[in-house]
């Protein structure tokens, strides 16, 4: 089974008139004002899945600041999953700084969503203020035993739209603060997995942490798959494309360039996600 753990879908009204939604939504404008930035529908993702041989995809929206927008978007994600119940797995997305973010998290999980994310802090790093806003969300996710996917990125290297001022210390503080939650760190966790080689503290801190591979071909050499499986835990790595930014086939080509064992390849491409989402690797 192949499961894509990181995809973004948008309602038709936003896809067809994105400029209308830039006002008061600086993060959305930053990421989606370029003409080559794609917005995908549920039909488009299912078609792309069929083409690449992806069985299921985790789908979510955007971290809108306005409640009317994150409510609208989460409703669309629920509708898309209801239309394709065997293919699409909905996650709830919103700006955690909104006063009604906890209510939205509760609403979405009660409606049957499979998790929360991708949560992002585009206007700051994951500082203490951000963590305080995140506390009630993590409490709700823990009560429902659902994973939370959080945007992280490497703190060094080239700049690009959506790269946030996150530090490794902030990522470390994040995982320490929520030791019981199932946390998925997007984009290889900004490289935090390397520190699993440390003899003290880090292995324990990262015990309930998964990494997704979203945007990997843009960011890292294909060898990162081999290295992460060696220094971290091959059972905690989740295949994610960041569709429609990239399609699954781009990742499959990278995997052909490296020596990943068949067992680890199966874990990364779907078994790990199935275990996290369904409790075992055989759920359909």
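Read the figures in this text as sums done on the coordinates, not as results from a lab. Just so we're clear, the structure is a prediction, and the values are computed from it rather than from any experiment. With ideal geometry, Cβ positions are generated from the backbone for all residues, glycine too; neighbour counts draw on all protein chains shown.
Summary of computed values
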quantity	calculated
Rel. contact order, % - alpha carbon contacts under 8 angstrom, at least six apart, the chain	19
Candidates 92, 111, 23, ranked by Gaussian network fluctuation over the chain, Cα under 10 Å, top entry	23
Those residues of region 151-192 whose amide nitrogen sits under 16 Å from the label point placed on residue 201, 7 Å along Cα→Cβ	167-179, 192
Mean-position separation - Cα centroids, region 174-188 and region 147-164, in angstrom	14
Size of region 162-277 as Cα extents on the principal axes (Å, biggest first)	36, 32, 26
Prolate/oblate/rounded call for region 93-153, Cα gyration tensor, a/c under 1.5 rounded	prolate
Residue among 232, 144, 94 with the largest mean-square fluctuation in a Gaussian network model of the chain, springs linking Cα atoms under 10 Å	144
Mean projection area, nm², convex hull over Cα of region 1-144	8.9
Helical contribution to [θ] at 222 nm, DSSP H n ≥ 4, -39,500 (n - 2.57), averaged over the chain, rounded to 500	-11000 deg cm²/dmol
Region 61-210, relative contact order in percent, only Cα pairs under 8 angstrom and at least six apart counted	19
Relative contact order of region 233-278, pairs being alpha-carbon contacts under 8 Å that are 6 or more residues apart, as %	63
Residue with peak Gaussian network fluctuation, the chain [Cα springs, cutoff 10 Å], from 247, 146, 257	257
Kirkwood hydrodynamic radius of region 3-278, Cα pairs, Å	18.6
Ranked list, fewest to most other Cβ atoms within 10 Å of each Cβ, for 202, 138	202, 138
Solvent-free Debye scattering, log10 I(q)/I(0), computed from the Cα coordinates of region 183-223 at q = 0.14, 0.16, 0.34 Å⁻¹	-0.33, -0.43, -1.16
